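I have placed the structure first, in the form of structure tokens, so that the comments after it can refer back to it.
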Amino acid sequence: MNVYQVSDVEFEPILMLTDHHERAISQFQLALVEGLGFYPPVNFTLSWIDPRTLSFSESIEQLLEEDIEGFANCSMGKWERYMFR
């Protein structure tokens, strides 16, 4: 058995669809807890972006019009929503 340390982790930007800054923070933290089983100390920045600046902006704007919260990921040229738990 060996011990490995994960450090200096960088993610690609993660998009979240919600009207509430605080809810975005808590849902990101919850996703970490559910994925890892615990909440590690994490530093991150949460900022608003203009969806028109994204690649394939038409499909992200469609998701926004549906007005349903969740994470968003672009796969094969189309934005898809993953519901908050």
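The values are calculated or read from the model by the stated rules, or taken from the named source; none is laboratory data. This one's a predicted model, so the numbers in the text were calculated from it and none came from an experiment. All Cβ positions, even for glycine, are placed from backbone atoms using ideal geometry, and neighbour counts span all protein chains on display. Protein only, heavy atoms only, side chains kept; ligands, DNA and RNA dropped before computing areas. Shrake-Rupley method; radii C 1.70, N 1.55, O 1.52, S 1.80 Å.
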Single match in Glu34, Glu58, Glu22, Glu12 (criterion: in contact (Cβ under 8 Å) with a residue 12 or more places away in the chain and either surrounded by fewer than 13 Cβ atoms within 10 Å (Cβ to Cβ) or of a type in the set (Phe, Trp, Tyr) (or both))
Glu34
Just a yes or no: is a residue in the stretch 41-50 surrounded by 12 or more Cβ atoms within 10 Å (Cβ to Cβ) and more than 12 Å from the chain's Cα centre (by Cα)?
no
Just name the residue that is farthest from Lys78 (Cα to Cα) out of those in the stretch 32-66 that are among the small types (Gly, Ala, Ser) and part of a loop (DSSP other than H, G, I, E, B).
Gly37
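Please determine whether any residue of the stretch 23-31 is assigned to a loop (DSSP other than H, G, I, E, B) and among the β-branched types (Val, Ile, Thr). Step through it out loud before you land on a result.
Residues of the stretch 23-31 that are assigned to a loop (DSSP other than H, G, I, E, B), as a first pass: none.
No, the stretch 23-31 contains no residue that is assigned to a loop (DSSP other than H, G, I, E, B) and among the β-branched types (Val, Ile, Thr).
Being open to solvent by less than 100 Å² (accessible area, probe 1.4 Å) and basic (Lys, Arg) is the filter here; which residues of the stretch 72-85 pass it? Break it down stepwise before answering.
As a first pass, look at the stretch 72-85 and keep what is open to solvent by less than 100 Å² (accessible area, probe 1.4 Å): 72-75, 77, 79-81, 84.
Arg81 - this is the single residue of the stretch 72-85 that is open to solvent by less than 100 Å² (accessible area, probe 1.4 Å) and basic (Lys, Arg).
Would you please name the residue that is most open to solvent (accessible area, probe 1.4 Å), looking only at residues in the stretch 61-71 that are of a type in the set (Asp, Glu) and either touching a residue at least 40 places away in the same chain (Cβ under 8 Å) or within 11 Å of Thr18 (Cβ to Cβ) (or both)? If you could, list the steps in order and put the result at the bottom.
Here is the first cut: in the stretch 61-71, the residues of a type in the set (Asp, Glu) are 61, 65-67, 69.
Checking the rest, the ones that are also either touching a residue at least 40 places away in the same chain (Cβ under 8 Å) or within 11 Å of Thr18 (Cβ to Cβ) (or both) come to 67, 69.
Details: Asp67: 115, Glu69: 52 Å².
Once the filter is applied, the top-ranked residue is Asp67.
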